[in-house]
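Here, each number is a calculation from the coordinates, and none is a lab measurement. This one's a predicted model, so the numbers in the text were calculated from it and none came from an experiment. Cβ placement follows ideal geometry from the backbone for every residue including glycine, while neighbour counts extend to all protein chains displayed.
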Amino acid sequence: MDVKLVRRNYLTGFFITDFCSSIPLDLILKTAGVDSVGGTVTGTKQSLKMLKTLRITKLLRLFRINRLFQYLKKVMLLIEETLNIRISDGFTKLMRLGVGALILAHWIGCFNFLLVRLHDFPSDSWVVYAGLVDKSPYVQWSWSFFKALAQMIMIGFETPPFTNVSCDALSDWCTIEYWVTLGCLYLGAIFYSLLISSISSILQTANQASRQFDENLLKVDDYMRSKKLPAAMREKVKDYFYLQFSNGKLHREEEILDFLSPVLRREIKQFTGRDICRKVPLLSTPTHRDFSEGISCVIEPTIVFANEVIMKEQTTGDEMFFILSGVVEIYVASKQIASYVAIGDGCYFGDVSVLLGVRRTASAKSKTQCMLYRIRKSDLVSLLHDHPAIESRMRNIAQSRRRRLAHYLNPDEIKLSAGDEVDSEDSRTDLFGLPSDDVLHEKDEEYNQERLQSGIRRRTFHHHSQNRRRNALPIKSINNLS
């Protein structure tokens, strides 16, 4: 910490406020002959009584409330990160307005009581009417605070005990009270209008993203009805909409990121892609940190429902997929083989075609709802040019997978090389070797809970169907469906 910088910031900031509010005015007034309790003058000069007004400088301490708001802002940020909740800006503004209203009422109440006290409590003043002259300071402050709030919302004129104007004659004191009351009424009206306008502005902007989501969902629904799409397909599209924006808010990420600098865009994409980088063994290796940071900037998230074909064999491969969550089945349809292998969280597929420049050697279909990240071939090739060691490793893995599939299709003609028996990448994932029946059931329960939280009703054609499980293939493990 730079001591000189702290000292300079304090001297140019709150030093004057703290200095003025720390002067012992009570001791000075007592020495000067002004009684601080009874409000009478013990000295020889009546004008010394006006020295009491210097105590108003103690109100400068209330300016320290700005620093309190700064601390509260840090606390709210800590709460958001710790509890993973979001405190809206509208709530923060309303809290600041509420605290500001209380501070303003405190000032007005203290000022009103100060004026009455400086005039030795006139008989027609509101303090005398309320019987507050001999009450405790707490009772006096409470009534003054209530009077100020009544002035701000323009009530308290009708029935005794009056909280506002109590004079019925044009005496000197009544003239002062009328003018002070009029000023407080105008001040309260201005603050009240600011409060209403701020609340209206907050309510209009608070749920803007949610309103956009509802509007876009309505447009999509109208489009599907105009095209006379089947009900099942319409429900599937709505489910995708809710899952894609599970918090019920629609954000156009590209438009938002376009406003930011390239460095900030890169940091945001690296942060949002941290989960997939932790799950994939290739990306979680400490020595591959630069590569994982680069790949997190070009991958795109995509949601796939159960039993959807992700890629087909004998097609040109122009993208590769990483599995954040879910189970994907790799199969070869041309040989009438039901399935070859199943892969789950942390695995990747589609690399054989992308890296070796051949057509897809197998097809991929989702067994459960999956959260995938895809990367285009051009982006991956460009990124691997800067990391030749990783490119060599990924090519070796792709060649090993190609040989293992060829051996599976023709075990008599094609023999496995040393190290090709087990996938070196998939074997490092958490789900490798687990009973796939249990994994499928657990994934379905997990996604049904997520769908319920997103407002999607539970469907009946998922894997927990007893008939579906009864007719399922004899699956042995998550990475071995043979």
**Report entry** Computed over region 252-470, Kirkwood Rh from alpha-carbon pairs, angstrom
**Finding:** 18.6
Query - Segments 342-348, 108-114, 427-433, 74-80 sorted - mean Cβ within 10 Å per residue, highest first - result: 342-348, 108-114, 427-433, 74-80
Query - Using a Förster distance of 60 Å, the FRET efficiency for residue 252-residue 412 (Cβ separation, nearest 0.05) - result: 0.60
Query raised in the report: What's the exposure ranking of 236, 4, 73, going from fewest to most Cβ atoms within 10 Å?
Result: 4, 73, 236
Report summary line: Checking region 382-427 for trypsin sites (Lys or Arg not before Pro) in a loop per DSSP with at most 11 other beta-carbon atoms within 10 Å yields 415
Query raised in the report: What FRET efficiency would be calculated for the residue pair residue 118, residue 303, taking the C-beta separation as r and a Förster radius of 56 Å, to the nearest 0.05?
Result: 0.20
Query - Label-point gap, in nm, between residue 287 and residue 334 - each point 7 angstrom along Cα→Cβ - result: 3.7
Query - Rough spin-label spacing in nm, given labels placed 7 Å along Cα→Cβ, for residue 278 and residue 449 - result: 1.7
Report summary line: Ranking 389, 424, 370 by how far each Cα lies towards the positive end of the charge dipole of region 252-470 (+1 on Lys and Arg Cβ, -1 on Asp and Glu Cβ), the top one is 370
Query raised in the report: For labels at residue 229 and residue 135 in the simple 7 Å Cα→Cβ model, what's the distance in nm?
Result: 6.8
Query - Neighbour-count ranking [beta-carbon atoms within 10 angstrom, fewest first] of 142, 353, 296, 339 - result: 142, 339, 296, 353
Query - At most 15 other Cβ within 10 Å, DSSP loop - GluC sites (Glu not before Pro), region 305-399 - result: 308
Report summary line: Over 21 Å (Cα to Cα) among 312/443; 367/443; 219/269; 269/377 -> 312/443; 219/269
Requested in this report: For residue 263 and residue 178, calculate 0.36 nm times their separation in residues minus their Cα-Cα distance, and state this gained length in nm to one decimal.
Outcome: 24.5 nm
Query raised in the report: Efficiency by 1/(1 + (r/R0)^6): what FRET value for residue 358 and residue 271, r their Cβ-Cβ distance, R0 = 22 Å, to the nearest 0.05?
Result: 0.05
